[in-house]
Amino acid sequence: MRKWIILFVIVISTCVLSCISACGLIEQIAGHRHTYSQTWSFDKTHHWHAATCTHFTEVTDYEEHSFESDACTVCGFTNQPTKGLEYTLSDDGAYYIVTGMGAEKISYIIIPEVYNDLPVCGIGDKAFYEPIPNAGRDATLVGIEIPDSITYIGEQAFGNCALLKSIVIPGSVISIGPLAFQGCGTLDNIIIENGVENIGVSAFSYCNSLTNIEIPSSITSIGDRAFERCENLTDIHLPNSVTDIGGGIFSHCSSLKNIRFPKDIYTIPASTFEYCTSLTSITIPDGIESIEGYAFEHCESLTNIVIPDSVVDIGNDAFSNCASIEHITLPSNIEYVGYTAFASCHKLKNIVLPNTIISLGGAVFVNCTSLESVTLPDQITYISARMFQQCYSLESIDIPINVTHIGELAFESCHSLKGLTLSKNIIHIGSHALSNCTSLESITVESGNPAYHSAGNCLIETETCTLLAGCNNSIIPDDGSVIIIGEEAFTRRTSLKSITIPNSVTTIDGESFSGAFDHCTSLTSVTIPDSVTTIGDSAFSNCTSLAKITIGNKVKSIGYSAFSNCTSLTSVIVPNSVTSIGQSVFAGCSSLISITIPDSITNIDGGAFHNCSSLETVYFTGSAKEWNSINIGINNAAILNANIVYNYKN
């Protein structure tokens with residue numbers, strides 16, 4: 001019998017120990033069981049025991065108070081001013097400021113109107129602030145009554161009060177301080193009584209449970225980011241009394257659907273509605289003169305916006321990433337449109353830019369992938385850098401006569417652009433302005449242009465004899481006007497099937513990831529004349545149909561990745577003018593069967609023949625000893641494993 005009793009005690013003890021949890025008491029294998037404080041929490045009407053585990057919003061024993069002689073007989077709550085609060089006397093000795101809860105943690109606080117025969121007029125900075133580190137587990141404050149004697153609420157006064165659910169701010173309060181209620185994640189009911197004038201910076205930011213709030217007609221000023229990341233806020237009406245709005249006041253309010261502006265606001269400040277992803281339409285009131293940077297950035301559901309004629313300035317990124325806007329009418333008095341103002345508006349199809357515009361920022365329409373047509377204002381003189389980059393659907397554009405400069409990458413990756421006519425007034429075209437224009441068929445420069453001319457559907461910089469851009473049907477002139485084929489001149493001209501490089505050309509240019517003929521996927525053969533001395537980086541890389549290439553006898557330098565991924569190339573002869581085969585020059589030429597290498601070669605860089613899986617034979621014009629003296633870099637297994645034919649004669 002004694003043994004059975006001992007065994008029973010051991011079993012029970014083991015079960016209890018196995019159920020001890022990180023949160024205080026019990027956690028069964030099947031799931032978590034909350035632990036609760038033995039101290040009562042309460043508000044004005046109810047009391048309960050709050051969870052002490054990580055689920056700090058859970059409660060048990062939730063019941064109404066049972067009053068007797070103005071005190072609850074269960075929890076001891078009394079509907080009287082809270083005792084034990086901390087106070088500080090004002091500098092002039094005229095009133096008190098409540099500065100803290102005191103030693104005892106209290107869930108419901110009633111601030112008195114009078115303390116030590118003087119009025120209580122302020123709630124001090126961080127008076128009831130609760131630190132974040134314990135994720136709300138140390139939070140206690142559930143409710144507070146603010147008397148009519150209070151005139152201001154200090155900075156972070158109720159910051160991170162994770163259990164605070166409702167608050168009434170009396171009309172006696174003139175100013176709600178910065179960050180006053182920031183991070184009150186369960187605060188879902190805020191009543192601001194008429195009389196309050198100022199809402200401070202980030203005053204209600206990160207109040208994630210707030211769905212709506214009524215702003216009284218006494219409010220005149222709302223500080224920066226006042227309601228930032230109130231992610232469940234759906235509606236707000238700003239009364240006409242508001243004359244000063246800070247930046248980002250509704251930033252990342254991802255549920256906001258309805259907003260009404262006051263009539264005497266002249267600026268929509270920076271970042272006001274950024275990432276308001278549920279906002280579908282908005283009417284900007286007449287009288288607004290400026291829409292500042294990022295004001296509507298990433299309003300991804302916004303389909304309709306009305307901009308009044310009073311607006312003269314649209315800032316940087318003001319409507320960028322508004323991916324659902326299909327059409328926008330700019331006001332007739334607009335003068336300035338900022339950098340990337342409409343970038344990544346993927347459904348925007350057309351836009352007319354009024355003649356009142358003085359300045360268009362760089363990349364203003366970058367990545368507007370559905371933009372088909374745009375009318376530019378007559379008086380602009382610059383097409384800024386990246387203005388139409390990645391406007392895949394843009395087929396044509398009329399460049400105004402007054403334009404003198406076209407910035408770098410201005411039309412890069414305009415895949416549908418078929419033709420471009422440049423006036424005689426254009427004196428500067430930035431690098432890569434027409435790269436990756438896969439459908440380009442014609443380029444025309446008006447006669448009399450001092451800097452550029454066109455011939456054979458080629459854009460040529462006259463002074464340097466550089467071919468800047470070609471088309472799918474270009475014929476490079478053989479009159480000596482072209483010496484350099486510029487980097488990206490024919491990049492991604494995917495319909496280009498053949499090209500004749502004239503004897504005047506000395507350089508076929510390129511850069512590490514995009515050369516002169518990179519991704520000309522229909523090009524089948526090319527002859528590089530003896531006049532050429534330099535083949536640049538990636539010059540013919542990714543020409544997947546290129547089956548035959550003849551390299552002239554004067555070529556001295558073949559750049560990085562010059563013929564990489566030419567997957568149809570079966571054989572190639574490297575001339576004896578070349579001394580080094582550079583990094584990745586033939587990498588990925590998976591059909592390359594043979595290559596002729598001259599005895600002038602002293603170095604084969606790493607990866608030059610990487611993934612040349614079909615390479616069988618290397619014809620080397622020198623001896624075995626000379627071959628063995630060549631420095632061959634890493635990732636060249638294909639050439640090391642190939643059959644070497646020594647002393648080969650062409």
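The values are calculated or read from the model by the stated rules, or taken from the named source; none is laboratory data. Computed from a prediction, not measured in an experiment: that's the story for all the values here. Reconstructed Cβ throughout: ideal geometry from the backbone, glycine too, with neighbour counts over all protein chains shown. Each accessible area value is taken on the protein alone, full model and side chains, heavy atoms only, with ligands, DNA and RNA left out. Shrake-Rupley method; radii C 1.70, N 1.55, O 1.52, S 1.80 Å.
Placing unit charges on the Cβ atoms only, positive for Lys and Arg and negative for Asp and Glu, gives the stretch 491-560 a dipole magnitude near 220 debye about its Cα centre.
Label-to-label distance for Thr283 and Tyr648 is 7.8 nm, based on points extended 7 Å past Cα in the beta-carbon direction.
Scan (1) 102, 62, 47; (2) 94, 63, 54; (3) 115, 89, 41 for the value of Cα extents along the principal axes in Å calculated from this model and give just the label. Calculated Cα extents along the principal axes in Å: the matching label is (3).
Split the accessible area of the chain by element, probe 1.4 Å, and carbon with sulfur accounts for 48%.
Anything over 23 Å Cα to Cα? Flag those among Lys625/Lys649; Lys548/Lys649; Lys418/Lys497; Lys497/Lys649; Lys257/Lys347; Lys497/Lys554, in the order listed. Result: Lys497/Lys649; Lys497/Lys554 exceed 23 Å. Helix 2-18 axis versus longest C-alpha principal axis of the chain: approximately 60°, rounded to the nearest ten.
Would you mind classifying the stretch 158-299 by shape? Square roots of the alpha carbon gyration tensor eigenvalues, ordered a ≥ b ≥ c; an a/c under 1.5 is rounded, otherwise it is prolate if a/b is larger than b/c and oblate if not. It is oblate, given that a/c is not under 1.5 and a/b is not larger than b/c.
For Met101, the accessible surface of its heavy atoms amounts to roughly 20 Å² (probe 1.4 Å, protein chains only, rounded to the nearest 10).
FRET efficiency for the pair Thr73 and Lys347, taken as 1/(1 + (r/R0)^6) with r the Cβ-Cβ distance and R0 = 56 Å, rounds to 0.30.
The overall shape of the stretch 273-400, judged from the alpha-carbon gyration tensor, is oblate: a/c is not under 1.5, and a/b is no greater than b/c. Seen through its C-alpha gyration tensor, with square-root eigenvalues sorted a ≥ b ≥ c, the stretch 503-608 comes out rounded because a/c lies under 1.5. Between the stretch 175-243 and the stretch 97-125, what is the separation of their alpha carbon centroids in Å? The stretch 175-243 and the stretch 97-125 have Cα centres spaced 23 Å from each other. Normalised per residue, the accessible area of the stretch 541-644 is 41 Å², obtained with a 1.4 Å probe and no contribution from ligands, DNA or RNA.
Glu408 contributes an accessible area of around 90 Å² to the protein surface, as traced by a 1.4 Å probe with all chains present. Across the stretch 194-264, Cα pairs under 8 Å and at least six residues apart give a relative contact order of 32 percent. The packing ranking, built from the mean of other Cβ atoms within 10 Å per residue, places the peptides 531-543, 110-122, 200-212 in the order 531-543, 200-212, 110-122, highest first. Its relative contact order, with pairs defined as Cα atoms under 8 Å and 6+ residues apart, puts the stretch 404-530 at 19 percent. Look at the dipole of the chain built from charges on Cβ: of Gly430, Cys121, Thr52, the Cα furthest out on the positive end belongs to Gly430. Computed with the Debye formula from one identical point scatterer per Cα of the stretch 233-283, without solvent, the log10 of I(q)/I(0) at q = 0.14, 0.28, 0.29 Å⁻¹ comes to -0.32, -1.21, -1.26. In terms of Cα to Cα distance under 19 Å, which lysines are near enough to Lys165, apart from those fewer than 8 places away along the same chain? Excluding near neighbours in sequence, the set is Lys44, Lys105, Lys126. Maximal additional length on extending the Thr381-Glu86 stretch stands at 99.5 nm, based on 0.36 nm per residue less the C-alpha distance.
In this structure the stretch 433-527 gives 39 Å² per residue of accessible area when probed at 1.4 Å with all protein chains present. Averaging 1/r over every pair of different alpha carbons in the stretch 481-552 and inverting the result gives a Kirkwood radius of 11.7 Å. The relative contact order of the chain, computed from alpha carbon pairs under 8 Å that lie at least 6 residues apart in sequence, is 4 percent.
Cα centroids of the stretch 372-420 and the stretch 568-641: 44 Å apart. Here r is the Cβ-Cβ distance between Leu640 and Asn576 and R0 is 25 Å; the resulting FRET efficiency, rounded to 0.05, is 0.70.
Bridgeable lysines around Lys556 (alpha carbons under 18 Å apart, same-chain partners fewer than 8 residues away excluded) are absent.
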